[in-house]
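The values are calculated or read from the model by the stated rules, or taken from the named source; none is laboratory data. These numbers come from a predicted model, not from an experiment. Note: ideal-geometry Cβ built from the backbone for every residue, glycine included; neighbour counts use all protein chains shown. To get the accessible areas, we keep the full protein, side chains included, count just its heavy atoms, and leave off ligands, DNA and RNA. Shrake-Rupley method; radii C 1.70, N 1.55, O 1.52, S 1.80 Å.
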Amino acid sequence: MHSIAVERVSKTWNGVAAVEDVSFTVEAGDLVALLGPSGCGKSTTLRLIAGLDAPTAGRIVIAGREVTGLPPARRGIAMVFQSYALFPHLSVAENILFGLKVRKVPRAERDGRLAKAAETLGLAPLLDRRPSQLSGGQQQRVALARALVAEASVCLMDEPLSNLDAQLRLEMRREIRALQQRLGMTMIYVTHDQVEAMTMADRVILMRGGRIEQNATPAELYDRPSSAFAARFVGTPPMNVVPATALAGRDWALPDAAAGGLGSLSVGVRPEAVRLDPAGLPAEIVAAEYLGADTLIETRLGGVPFVARTAGRIGMKAGETIHLAWSAGDAHWFDRASERRIA
Amino acid sequence: MKSRLSAAVHGWLLLLPAMALLVAFTHWPAVASLVESFTSTPRPRRPSRFVGVANYEQMLADPVFWQSLVNNLRFALGTIPLAIGLALLMAVWVNDRIPGRTFARMAYFTPTILPMIAVANIWLFFYTPQYGLLEQVTAALGLPSHNWLGSRETALAAVTLVAVWKEAGFFMIFYLAALQGISPTLAEAAALEGASRWTFFRRVQFPLLMPTTLFVLINAVINAFRTVDHIIVMTRGGPDNATSLLLFYVYQVGFNFWDTSYAAALTVVLLVMLAVAALVQYGWLERRVHYR
C-alpha cells in the first residue's frame, strides 16, 4: 500500500512555476529523500504535502485518503522544520506537549507519551529548560520529540540537520534513520546534502528546476544516473563529465553507441573508477589533493576538469603527465544536448 | 594615570551639552518644584516663605483635587485597557495577509500623526449638540438628543474615547513590529498541531508580545496622567469639574489662579504617583515577561 501519493502536482507563484507536474509515491514505512540544489522545489513539494501551501494543480493522497484540500492538522502528519520552530517562551516539556494539549489528549496519556519520547531521545534531564538554554543538537531533538508524540504515521522533515555541525549531523543522521525504522514511520526527508540522502533513504527523488530528475534507490542513482545532472549531483567528488570527442581514437573507451559519432555525446566517469595505466589517455596534472586515504588528482581532458581518485599518496606534482584509463563498463554515456543517459 | 584622567574629562566634556540642557530644563525644575511645594506663593506684599507641609494639607482638604484624582483614575482605567486591547486587535488584524493591508495600517496610524489639538477639534464637532455628527446619527435613528460633553454623566467618557482613538494606532505600531519579529514557522508549526487562530494567539503570540505589552503599558499609564491638550480644547475641565484631570488641575491652579506653590505641590504628588506606577510595573511585571 502506498502511504503517500503525489499525483501530477504543480505549484506556481504569480505565474512562476516552483513545482511542475510532480508525481511520486512513498511506500508505508519507507524513508524517501527529496534531494536537489536550492530552488529546485523540494521544500515547496514538502510544504504542499504538509498542507502549508495549496497546490495549483494535482492531488495528494495520504494513507489512501485524498487530503489536497484539508488543513495541515487533519492530514495525520508530523513535521520537523529546518529552524525547528520551537516556541521560545515554553519549556521543553510544554513544547513537546503543545499539540497534544491543543488536541485535548487526556493528561495521563500525555504524560505517558512525553516520558516515552523524552526517554527515546534522551531529553529527560532537559524537560524544564527553555529552547534558548539548549544547544543546537538538543533543540533538534526537541523538535523531533514534538513530531514523535503526535504518533502520526507520516513524518515530514525539512532539512532538519542543516543547522548542526558536521559531527552532530553524522550522529543525528543515524539516529533518525534508526528511529524511523524502529517505529515504522513513513518519512519524507528534504535535503540538499547528497550524503544524507544516500545514507538514510530507501529511495531518493532528485529534483531540478521544479521537476523530478530521477526517482531511484541510492544504489541505482549512483550506478545508473539518468542524466548528466544526476551524475554530477551524486558522489564526492562529482562524476567527471567530458565531451566524448576527447576520447577520439581510443577504441577501448568507446562503446557501440558511439558509432553514430562522438560530437553529440558526453562521457561520464566517476573519479573512483579511474585508474592510472600507461596505455590510457595522457593528461597533465593541474593539482593534486592529498586526503589521507587517497589522493585526488585534477587534470584536464577535452578542455574541462577531470578528477581521478587514487589510493594512497602519489609522488607526482602539477605539470607532470599521467595516463588515465577505466573499464568500459564504468563509463556513462549522455546525449550532450539533452543531458539524458543513452547507455 | 594621566591618560585615564584625561579620558574621563574628555567623556564628561562630550556629555556636557546634553547634560546642561537636561539639568536646566528637567532636573532643576523638578528639584525647584519640590522646594517650592514647601513654601508659600509669593505675593506683591508677601514674599515667599517656608510653610512646611501646609500646601499638602490644603490638598487633602481640596475637593477639586480629590475629584481630579478620581477622574484621572477613571480616565486611566478607561483608556489603558481599551487602547492596548484595540491596538493588539488591530495589529494582529493587519499583520495577516489581508487585501488592502497597507491602507489599513496607514488608516490605523493616522490619528497618531495628527496633533491632539486637531484631534480634539474633530471630536468636538462629532459631539456638538444639535448638529454634531453623533447627534445627526442618533436623530436619524430616532433617539433622543444628548449633550455628550455638556452633561456630567457622559463628559468624562467622551474625552476618554478621544484619547483611546488617538493612542491605539500608536501602540499598534509597536505591536505590529513585534509581531513581524515572530517567526512565521511558529504559526505553521501550530497549524500542523491543530491550533486554532485563537489558541495560537493565546498560547504563542500573546506571551511572545509581553515585552511589548510592558513597554506599551508604561507608556499608556504615563500618557493617561500626561494628556491634557484635549481637555483644554474640549471641556476646560467642566462641566462642574467632571473632566478635570490632575495635570489639567495643575495647569489651572498654576496659570489661571497663579497659586504656583500649590501647583508645585500638586506636581510633586503627580510625579510620585507616576514613579510608583513605573516601579511597580518594572518590578512586578518584568519578572513575568519572557525576553528573547
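State whether one or more residues within region B:244-254 are of a type in the set (G, A, S), under 13 Å from the mean Cα position of the chain (by Cα) and surrounded by 17 or more Cβ atoms within 10 Å (Cβ to Cβ).
Scanning region B:244-254, I find no residue that is of a type in the set (G, A, S), under 13 Å from the mean Cα position of the chain (by Cα) and surrounded by 17 or more Cβ atoms within 10 Å (Cβ to Cβ), so the answer is no.
Could you please let me know if B:L34 is surrounded by 13 or more Cβ atoms within 10 Å (Cβ to Cβ), assigned to a helix (DSSP H, G or I) and not polar (S, T, N, Q)?
Numbers: surrounded by 13 or more Cβ atoms within 10 Å (Cβ to Cβ): yes; assigned to a helix (DSSP H, G or I): yes; not polar (S, T, N, Q): yes.
Judged against the criteria, B:L34 is a match.
Please work out which residue is nearest to the other protein chains (Cβ to nearest Cβ), limiting yourself to region A:126-155 and to residues that are assigned to a helix (DSSP H, G or I) and of a type in the set (S, T, N, Q). Even if it seems obvious, please write down each step before you answer.
Let us first name the residues in region A:126-155 that are assigned to a helix (DSSP H, G or I), namely A:126, A:131-133, A:136-149.
Okay, now just the ones that are also of a type in the set (S, T, N, Q), so A:132-133, A:138-140.
Working: A:S132: 7, A:Q133: 12, A:Q138: 17, A:Q139: 13, A:Q140: 14 Å.
Step by step, filter region A:126-155, then rank; the result is A:S132.
Of all the residues that make up region B:182-195, how many are more than 8 Å from chain A (Cβ to nearest Cβ) and either open to solvent by less than 30 Å² (accessible area, probe 1.4 Å) or of a type in the set (G, A, S) (or both)? First the steps, then the outcome.
As a first pass, look at region B:182-195 and keep what is more than 8 Å from chain A (Cβ to nearest Cβ): B:182, B:184, B:187.
Among the residues that remain, those that are also either open to solvent by less than 30 Å² (accessible area, probe 1.4 Å) or of a type in the set (G, A, S) (or both) are: B:182, B:187.
Residues in region B:182-195 being more than 8 Å from chain A (Cβ to nearest Cβ) and either open to solvent by less than 30 Å² (accessible area, probe 1.4 Å) or of a type in the set (G, A, S) (or both): 2 in total.
Count, please, the residues in region A:41-71 that happen to be away from chain B (no Cβ under 14 Å), open to solvent by 30 Å² or more (accessible area, probe 1.4 Å) and closer than 15 Å to A:V154 by Cα.
4
Picking from B:L156, B:L214, B:L143, which residue would you name as being away from chain A (no Cβ under 13 Å), open to solvent by 30 Å² or more (accessible area, probe 1.4 Å) and of a type outside the set (K, R)? Spell out how you get there, then give the answer.
Working: B:L156 fails: open to solvent by 30 Å² or more (accessible area, probe 1.4 Å); B:L214 fails: open to solvent by 30 Å² or more (accessible area, probe 1.4 Å).
So the residue among B:L156, B:L214, B:L143 that is away from chain A (no Cβ under 13 Å), open to solvent by 30 Å² or more (accessible area, probe 1.4 Å) and of a type outside the set (K, R) is B:L143.
Return the residues of region B:234-265 that are at pLDDT 85 or above, closer than 24 Å to B:R152 by Cα, in a helix (DSSP H, G or I) and of a type in the set (A, V, I, L, M); say none if nothing qualifies.
Matches in region B:234-265: B:L246, B:L247, B:V250, B:V253.
Which of the residues spanning region A:189-208 are among the polar types (S, T, N, Q) and in a helix (DSSP H, G or I)?
Answer for region A:189-208, where residues must be among the polar types (S, T, N, Q) and in a helix (DSSP H, G or I): A:Q194, A:T199.
I want to confirm something. Restricting to region A:177-188 and keeping residues that are in a helix (DSSP H, G or I) and within 22 Å of A:N215 (Cα to Cα), which single residue is least open to solvent (accessible area, probe 1.4 Å)? Break it down stepwise before answering.
In the first step, residues of region A:177-188 are kept if they are in a helix (DSSP H, G or I); the result is A:177-183.
Then drop every residue that is not within 22 Å of A:N215 (Cα to Cα), which leaves A:177, A:180-181.
Values: A:R177: 41, A:Q180: 0, A:Q181: 110 Å².
Here the residue is A:Q180.
Please report, ordered by residue number, the helices (runs of 4 or more DSSP H) entirely within region B:39-120 with at least 2 residues that are open to solvent by 80 Å² or more (accessible area, probe 1.4 Å) and more than 30 Å from B:N241 (Cβ to Cβ).
Details: elements: B:54-60, B:63-95, B:101-113.
Ranges flagged: B:63-95, B:101-113.
Quick check on region A:305-337: of everything there that is modelled with pLDDT under 90 and basic (K, R), which residue is most open to solvent (accessible area, probe 1.4 Å)?
A:R313
Tell me, yes or no, whether region A:238-255 has at least one residue that is more than 21 Å from the chain's Cα centre (by Cα), without any contact (Cβ under 8 Å) to a residue 60 or more places away in the chain and assigned to a strand (DSSP E or B).
Taking every residue of region A:238-255 in turn, none turns out to be more than 21 Å from the chain's Cα centre (by Cα), without any contact (Cβ under 8 Å) to a residue 60 or more places away in the chain and assigned to a strand (DSSP E or B).
Conditions (1) surrounded by 17 or more Cβ atoms within 10 Å (Cβ to Cβ); (2) closer than 30 Å to A:A85 by Cα; (3) touching an Asp or Glu at 6+ places or on another chain (Cβ under 8 Å); (4) at pLDDT below 90, marked per residue:
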residue: B:V204; (1), (2), (3), (4): yes, yes, no, no
residue: B:T227; (1), (2), (3), (4): yes, no, no, yes
residue: B:M273; (1), (2), (3), (4): no, no, no, yes
residue: B:G283; (1), (2), (3), (4): no, no, no, yes
residue: B:R287; (1), (2), (3), (4): no, yes, no, yes
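Matching residues to (1) among the polar types (S, T, N, Q); (2) open to solvent by less than 40 Å² (accessible area, probe 1.4 Å); (3) over 25 Å from A:I4 (Cβ atoms):
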{"residue": "A:G122", "(1), (2), (3)": "no, no, yes"}
{"residue": "A:Q140", "(1), (2), (3)": "yes, yes, no"}
{"residue": "A:R146", "(1), (2), (3)": "no, yes, no"}
{"residue": "A:S153", "(1), (2), (3)": "yes, no, no"}
{"residue": "A:L170", "(1), (2), (3)": "no, no, yes"}
{"residue": "A:I205", "(1), (2), (3)": "no, yes, no"}
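Based on this model, can you work out whether A:A115 counts as surrounded by fewer than 18 Cβ atoms within 10 Å (Cβ to Cβ) and not acidic (D, E)?
Values: surrounded by fewer than 18 Cβ atoms within 10 Å (Cβ to Cβ): yes; not acidic (D, E): yes.
For A:A115, the condition - surrounded by fewer than 18 Cβ atoms within 10 Å (Cβ to Cβ) and not acidic (D, E) - is met.
Among what's in region A:222-237 and is touching a Gly at 6+ places or on another chain (Cβ under 9 Å) and free of Cβ contacts under 8 Å to residues at least 60 places away in the same chain, pick the residue that is least open to solvent (accessible area, probe 1.4 Å).
Filtering region A:222-237 down to residues touching a Gly at 6+ places or on another chain (Cβ under 9 Å) leaves A:222, A:225, A:228, A:231-233.
Going one step further and asking which of them are free of Cβ contacts under 8 Å to residues at least 60 places away in the same chain, we end up with A:222, A:232.
On the way: A:Y222: 73, A:R232: 104 Å².
Among those that are touching a Gly at 6+ places or on another chain (Cβ under 9 Å) and free of Cβ contacts under 8 Å to residues at least 60 places away in the same chain, it is A:Y222.
Among the residues of region B:99-130, write down those that are among the aromatic types (F, W, Y) and under 25 Å from B:N147 (Cα atoms).
Residues of region B:99-130 among the aromatic types (F, W, Y): B:103, B:108-109, B:123, B:125-127.
Listed by number, the residues that qualify are B:W123, B:F125, B:F126, B:Y127.
From the residues in region A:80-120 that are in contact (Cβ under 8 Å) with a residue 40 or more places away in the chain and polar (S, T, N, Q), which one is nearest to the other protein chains (Cβ to nearest Cβ)? Break it down into steps so the answer makes sense when it comes.
First, pick out the residues of region A:80-120 that are in contact (Cβ under 8 Å) with a residue 40 or more places away in the chain: A:80-90, A:92, A:95-100, A:120.
Then drop every residue that is not polar (S, T, N, Q), which leaves A:82-83, A:95, A:120.
On the way: A:Q82: 8, A:S83: 5, A:N95: 9, A:T120: 19 Å.
Only one residue fits best here, namely A:S83.
Between B:V204, B:V250, which is within 14 Å of chain A (Cβ to nearest Cβ), among the aliphatic types (A, V, I, L, M) and out of contact with any strand residue (DSSP E or B) (no Cβ under 8 Å at 6 or more places or on another chain)? Step through it out loud before you land on a result.
Working: B:V250 fails: within 14 Å of chain A (Cβ to nearest Cβ).
On inspection, the qualifying residue turns out to be B:V204.
List the number of the failed condition for A:P160; all other conditions in (1) at pLDDT 90 or above; (2) within 14 Å of chain B (Cβ to nearest Cβ); (3) touching a strand residue (DSSP E or B) at 6+ places or on another chain (Cβ under 7 Å) hold.
Status for A:P160: all satisfied but (1).
Just to confirm my filter: which helices (runs of 4 or more DSSP H) fall fully inside region B:122-207 and include at least 3 residues that are of a type in the set (G, A, S)?
Details: elements: B:133-140, B:152-180, B:184-192, B:197-200.
Helices (runs of 4 or more DSSP H) meeting the threshold: B:152-180, B:184-192.
Taking A:V6, is it more than 14 Å from chain B (Cβ to nearest Cβ) and either surrounded by fewer than 22 Cβ atoms within 10 Å (Cβ to Cβ) or of a type in the set (V, I, T) (or both)? Walk me through it before giving the result.
Working: more than 14 Å from chain B (Cβ to nearest Cβ): yes; either surrounded by fewer than 22 Cβ atoms within 10 Å (Cβ to Cβ) or of a type in the set (V, I, T) (or both): yes.
Considered against the rule, which asks whether it is more than 14 Å from chain B (Cβ to nearest Cβ) and either surrounded by fewer than 22 Cβ atoms within 10 Å (Cβ to Cβ) or of a type in the set (V, I, T) (or both), A:V6 comes out as yes.
List, please: which pairs have Cβ atoms under 6 Å, are six or more places apart or on different chains, and start with a residue in region A:199-214 that is aliphatic (A, V, I, L, M) and end with one that is open to solvent by 50 Å² or more (accessible area, probe 1.4 Å)?
From region A:199-214, the pairs are A:I205/A:I212; A:I205/A:N215.
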